[in-house]
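Notes for the one structure printed next.
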């Protein structure tokens, strides 16, 4: 596909992106709009949504996805959509022995349960319309490795990868493809929070063959690929965007 074709790759398609206010979600919203999609951006931060709407003219949903009822109602209001990016995520850094039940539950609520709920509503509508569709769940290399202080986060991303595989198996017959992406540390506000200590970041960066962390735009382009027709036979995978980290 030529660059000219890509500018209209998603024309006529509606994409719902959670966690669209910052980081990977923000970069994905900009990219999908540039490629012709109608974007519905969801975030819990109204100011981020106002700025995004000003920039790309998207529709917005201000929602706290940690609230299961609120997540479901927002997903229902967004319908009909053709594409879904479950990007919203949270992290709370705690040593394993000090990991609290509240931190674990809140992390699972946003990183896994919200993805389940939003995808259920989108998939039900896709099936009712008989249109098929594509879903990308934004996971992490943390689904496959253990990182100190990340007990809740690693558990949530491993669960999200497992959920992705079940969704792919059950929804495939309806023409709905479901994949996960597993980025290495990506330079988002949340990553800065987790990796701001140079003594912590340097060893992690050294384990990446490309010797750098990912940029949000690089992850966004991978998401767009998995949503698009070029990936029409890719279903149920956990797609590493890690500069070779997991190959080491």
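Note: relative contact order over region 66-168, using C-alpha pairs below 8 Å and six or more positions apart, is 38 percent.
When each of 167, 32 is scored by the number of other beta-carbon atoms lying within 10 Å, the sequence from fewest to most is 167, 32. Ranking of 84, 61 by neighbouring Cβ atoms within 10 Å, starting from the fewest: 61, 84.
On a C-alpha basis, how far is the centre of region 115-193 from the centre of region 12-34 in Å? Whole number, if you could? The two parts, judged by their Cα centres, are 15 Å apart. Residue 120 to residue 202: FRET efficiency via 1/(1 + (r/R0)^6), r the Cβ-Cβ distance, R0 30 Å, to the nearest 0.05? Rounded to the nearest 0.05, the efficiency is 0.15. Going from the fewest other Cβ atoms within 10 Å to the most, the residues 65, 210, 31 appear in the order 210, 31, 65. Between residue 101 and residue 127, the contour length at 0.36 nm per residue exceeds the Cα-Cα span by 5.7 nm.
Which value in deg cm²/dmol, rounded to the nearest 500, describes the helix-derived mean residue ellipticity at 222 nm for the chain, given -39,500 (n - 2.57) per DSSP H run of n ≥ 4 and division by the residue count? Using -39500 (n - 2.57) per qualifying helix, the result is -13500 deg cm²/dmol.
We did not get these values from a lab; they are worked out from the coordinates using the rules stated. Small disclaimer: the values here were computed from a predicted structure and weren't measured. Backbone-built Cβ (ideal geometry, glycine too); neighbour counts: all protein chains shown.
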